[in-house]
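Read the structure below first, then the notes.
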Amino acid sequence: MDSLTQTSTAMSVLVVYAPGPDQTWQRRVALVCQRSVAQAIVESGFCSDFPDVDWQAGRVGIFGKRVAPETIVADGDRIEIYRPLVFDPKESRRRRARHRQRQQLKGKK
């Protein structure tokens with residue numbers, strides 16, 4: 001076996017994106033050498049399928065854990081492209097707490 005064969009290992013990763021609540025896009029990508037998350041996303045064809053989505057401005061992760069686009073992927077990784085949040089979760093919790101407080105005050109009168 002030559003040194004090139006020993007150092008290049010084939011691996012497979014899954015790139016996933018949810019464009020909407022009930023929609024999922026996914027592509028399995030075969031990689032012949034070490035690649036970053038960014039390179040795997042480009043090789044998946046995501047950019048041509050979603051030309052209006054700026055995934056680099058958003059966030060990406062591997063199995064639900066946020067990572068940098070430069071992160072090197074491993075065989076079997078699931079790369080996730082996240083959509084921007086529509087609302088601020090902290091503000092949403094505050095609104096719910098205020099609503100519960102008002103409901104409790106109404107019940108005491």
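FYI, it's all coordinate maths here, none of it is from the lab. All values derive from a computational prediction rather than experimental measurement. Please note: Cβ atoms are built from the backbone with ideal geometry, for glycine as well, and neighbour counts cover all protein chains shown.
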Can you figure out the FRET efficiency of Val16 with Arg98, using R₀ = 35 Å and their beta-carbon distance, to the nearest 0.05? 0.45
GNM, the chain, Cα, under 10 Å: largest mean-square fluctuation among Ile72, Ile62, Ile81? Ile72
Semi-axes, largest first, in whole Å: what does sqrt of 5 times each Cα gyration tensor eigenvalue give for the chain? 43, 15, 11
Nearest 10 degrees, 0 to 90: helix 89-108 Cα axis against the chain principal axis: 20 degrees
In debye, nearest 20: dipole of the stretch 45-109 around its Cα centre with unit charges on the Cβ of K, R (+) and D, E (-)? 1480 debye
Within the chain, which is the longest segment containing none of the chymotrypsin sites (Phe, Trp or Tyr not before Pro) that sit in a DSSP loop and have at most 16 other Cβ atoms within 10 Å? 1-62
Linear extension gain, Asp75 paired with Thr24, 0.36 nm per residue minus alpha-carbon span: 16.2 nm
Using DSSP to define loop residues, name the GluC sites (Glu not before Pro) in the stretch 64-109 whose beta-carbon has at most 11 other beta-carbon atoms within 10 Å. Glu70
Under a 10 Å cutoff between Cα atoms, tell me which one of Ala40, Ala57, Ala30 has the largest fluctuation in the Gaussian network model of the chain. Ala57
Of Ile79, Val29, Pro19, which is farthest along the charge dipole of the chain in the positive direction, counting Lys and Arg as +1 and Asp and Glu as -1 at C-beta? Pro19
Using the Cβ atoms and a cut-off under 15 Å, what net charge is assigned to the surroundings of Gly64, where Lys and Arg are +1 and Asp and Glu are -1? +3
